[in-house]
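What follows is a single structure, written as structure tokens, with notes after it.
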Amino acid sequence: MLQPDLKSGSGGGQTADTLVHHEHRLDQYENLIQQLYQVQQDTCTTLNQVSHRIVAIDNRLGTLFTTMQPTLSVVTTPRSVRSPPLREPEVKPSELFDGNTDRCGGFLLQCNLAFARSPSLFPSHAAKVIFLVAALKGRALRWAQAFLSAYPIETLLFDRFVQEFRRVFDHPLQQEEAAKRLLALHQDNRTVADFSVDFRITVQEAGWDELALKSIFVGALSDIIKDQLSIREEPTSLDELISLAIRIDNRIRERQRERGSHQCRIYAPSGMSGTGNVSELQTPGVEGEPMQVGRTRLSAEERQRRFRAKECIYCGRKGHFIANCPFGETVRPASRGE
């Protein structure tokens, strides 16, 4: 059988080159397939090894778990008891609200603090409304009963409930009324510390500027505190003025306790002790002679002169003030023979 001469002619030469090229490519593909096959074999071997290790680890874990099962049961028993989340402490207003319009703002403030402290206890509007209503009594509770009969608590927004609650019960003092109360405040027999609490509360309601408040505060103090403030440098702020007045008051009361109960005359409105039984006031003079004052009280001019001269109102000498006058207990009737 005759075979075509592939190398004869130009066409035969090109066919031969093509066949050689394809043969070369087939050899490359065969080598590549052999390499891939080898990689696959290596991968299978590795996977088998990993599989055996996993099985071995699983067996060891099973054995270990079986061995430690009694211990785990003992440990997990108290955990199962503590598993429920701890409830946050519930905070209730200190007093039930009875509808007193002066207490409405403070009552709502306590409720808001309870919501902020224990938010998990009040996840919905209904929970907040229930909490607030549970703290009502008297006419406030009767109002809530009537209001909730018209607006179901399940669909009521808390803000809407508070809005209606404020409209009925929240009527704070107007600034004009607070200003009248501020002007009517007086220390009387109270301590300055106690008086200053009421003063600061009314100040917040009145909303006056600090310069006016300083004058009002001094004017409401007792005469003895005014006397002591008048001989001291004026504080620059209301807070400093109140602190200074409290310190003076505490010092005077401490001296009062030291001298004894009969020294309560130090708080007489005039600032001087002048009972009808006292005829003279003896204070050692330059040479030990007593200073005779007699039955009369100090005049306003004399008091002002002693203020400016920084002299003691009681004995008229310098170097101390009436709060710590060393001659405060020397009051006695004058000797007739002197």
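In this model, which of LYS226/LYS318; LYS180/LYS226; LYS137/LYS214 are farther than 29 Å apart at the alpha-carbon?
Those over the limit are LYS137/LYS214.
Placing +1 at every Lys and Arg Cβ and -1 at every Asp and Glu Cβ, with all other atoms neutral, what dipole size does segment 175-266 have around its Cα centre, in debye to the nearest 20?
Result for segment 175-266 is approximately 560 debye, rounded to the nearest 20.
If you average 1/r over all unlike Cα pairs in segment 175-266 and invert the result, what Kirkwood radius do you get in angstrom?
That comes to 13.8 Å for segment 175-266.
Tell me, what ³J(HN,Hα) does each residue in segment 43-50 have, in order and in whole Hz, if you take phi through Karplus 6.51 cos²θ - 1.76 cosθ + 1.60 with θ = phi - 60° and put x for Gly and Pro?
Per residue, the Karplus-derived 3J(HN,Hα) values read 5, 4, 5, 5, 4, 4, 5, 4 Hz.
Going by how many other beta carbons lie within 10 Å of each one, how would you line up GLU205, GLU240, fewest first?
GLU240, GLU205
Using the C-alpha gyration tensor of segment 90-140, what are the square roots of 5 times its eigenvalues, in whole angstrom, with the largest one first?
19, 11, 8
Using per-residue counts of other Cβ atoms within 10 Å, averaged over each peptide, order 105-117, 310-322 from highest down.
Final packing ranking: 310-322, 105-117.
Report the Cα centroid-to-centroid distance between segment 113-130 and segment 224-255 in angstrom, as an integer.
Taking the Cα centre of segment 224-255 as reference, the centre of segment 113-130 is 46 Å away.
Counting just the Cα atoms, what span does segment 101-169 cover along each of its three principal axes? Round to the nearest Å and put the largest first.
29, 29, 18
Looking at segment 127-185, which GluC sites (Glu not before Pro) are in a loop (DSSP not H, G, I, E or B) and have at most 12 other Cβ atoms within 10 Å?
GLU154
Every read-out reported here was derived from the displayed coordinates using simple, explicitly stated rules and does not represent laboratory data. Everything numeric here is computed off the predicted structure, so don't read it as measured data. Virtual Cβ from ideal backbone geometry, glycine too; neighbours counted across all protein chains shown.
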